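Bear in mind these aren't lab numbers, they're just calculated from the coordinates by the rules spelled out. As the structure is a prediction and not an experimental result, all values here were calculated from the model. Note that we place each Cβ from the backbone using ideal geometry, even for glycine, and neighbour counts take in every protein chain shown.
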Amino acid sequence: MWLWAALAVAVAVLAVLGAGLRRDPRRLPSPLVGRPTPAFSLPLLNGGVLRSEALRGRVVVVNFWASWCYPACYDEAPHLQRLWDRYGERGVVVVGINIQDTEAGARAFVRRFGQTFPVGRDRTGSIAIDFGVVGVPETYLIDRQGRIVFKHAGAVTEDLLAARIEALLAQGR
Amino acid sequence: MTADTGRRRRWVVVLVLAAAIAPRLGLADPAPAAERTPDLDARAQAIAARLRCPVCQNESVADSPAELAAQMRAMIRDRLAAGESEEQIIAYFVDRYGQWILLEPPRRGILWVVWLTPAAAVLAGAALAAAYLRRAIKAGAASSAADSDSYPSVDNPQQPGIWGQTPDVGRVWKKSSDR
């Protein structure tokens with residue numbers, strides 16, 4: 001009897017461990033979704049500093065990337081530029097934050113994709129860590145109240161973000 | 001062996017196991033953080049060792065050569081220098097990355113299961129083994145009372161030994177000796 005009970009417990013423990021093995025260790029829910037965006041000040045590639053306070057009241061797409069992040073960052077780069085072209089005049093800001101990279105690599109990447117939205121380098125990684133960034137690329141969507149409403153790990157597409165941006169723009173101002 | 005010494009011996013085993021496990025569970029009193037590591041780098045290293053490197057698989061921030069881990073170590077040093085405590089810094093990383101960032105699950109609530117299951121499994125295994133051995137020894141003693149030649153042998157293969165009945169091996173021997 002005891003033996004059967006012990007066996008049942010052992011099988012239960014193994015089942016739990018087995019279920020854990022089937023989960024993707026890189027799929028992590030961000031604890032920051034639904035919370036205020038960490039404040040940052042980002043030195044931009046073409047001079048000046050972008051402060052997060054200056055973005056208040058706007059819908060913002062924050063994208064963390066690196067020039068060595070191939071192919072995902074290369075895949076999504078044209079999509080981010082298209083979003084900027086499409087929504088920039090409606091007050092949406094796309095911000096590129098280059099992390100774990102060289103200055104030359106970052107500049108070559110921006111030139112290659114003709115990116116015109118603000119891009120800066122987070123040299124110490126403190127902005128990335130504040131955002132809980134796990135890898136590149138990672139993209140965060142911020143609403144007008146400055147809350148993070150969505151996080152995506154991996155390459156984003158125009159469609160993936162457009163629907164969410166439209167929804168945020170439709171929420172009164 | 002009287003019942004009393006047996007019980008005492010059992011308690012000794014339990015106490016030895018408890019002593020071996022207690023420090024792992026953090027039941028032993030830890031020294032205050034300031035006393036343990038007066039040096040800033042050593043304290044930063046100790047904090048980094050408790051954090052999972054986000055871009056690695058199962059490596060601590062202290063051990064990882066990844067750039068993000070190096071940046072995290074630099075940030076830990078800066079925060080220590082600014083006067084933050086170890087627990088404040090750990091809380092900051094948990095705030096940004098979730099509990100996932102901790103290499104060791106915190107000892108509270110449902111997470112105790114993770115800490116206690118291995119110890120419980122060891123104790124259960126020991127109890128099973130002890131029960132099995134006790135039964136086997138009792139069976140051996142009972143048969144030795146009935147027959148002085150208690151061990152199985154070529155001549156007497158059907159005698160139960162310490163592992164209970166020894167079946168086939170003895171029978172083969174018997175057959176060959178019959179021939």
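The table below gives the values:
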item: Burial ordering of B:GLU86, A:GLU76, fewest other beta-carbon atoms within 10 Å first; result: B:GLU86, A:GLU76
item: Inter-chain Cβ neighbour average for residues B:96-105, partner chain, 10 Å; result: 4
item: Protection-proxy order for peptides A:29-41, B:131-143, each taking the mean of Cβ atoms within 10 Å per residue, highest first; result: A:29-41, B:131-143
item: Computed [θ] at 222 nm, helices only, for chain A once each DSSP H run of length n ≥ 4 contributes -39500 (n - 2.57); result: -11500 deg cm²/dmol
item: Angle in degrees between helix A:72-87 and the longest Cα principal axis of chain A, rounded to the nearest 10; result: 50 degrees
item: Packing-based ranking, highest mean first, of A:66-75, B:121-130 given that Cβ atoms within 10 Å are counted; result: A:66-75, B:121-130
item: Potential extension, A:THR124-A:GLU89 segment - 0.36 nm per residue separation minus Cα distance; result: 9.4 nm
item: Distance in nm between pseudo-label sites at B:ALA129 and B:GLU67 (7 Å out along the Cβ direction from Cα); result: 5.1 nm
item: Zone residues, the stretch A:11-48, relative to A:GLN145, backbone N less than 16 Å from point 7 Å out along Cα-to-Cβ; result: A:32-38
item: Paramagnetic reach from A:VAL16 in the stretch B:110-131 [backbone N under 15 Å; point 7 Å along Cα→Cβ]; result: B:110-122
item: Shape category assigned to the stretch A:5-128 from the gyration tensor of Cα positions, a/c cut at 1.5; result: prolate
item: Nearest-ten-degree value, helix A:2-21 long axis tilted from longest Cα axis of chain A; result: 20 degrees
item: Shielding of B:50-56 by partner chains, average beta-carbon count, 10 Å; result: 2
item: Residues whose placed amide H lies under 5 Å from that of B:ALA62, excluding near-sequence neighbours; result: B:ALA49, B:LEU51
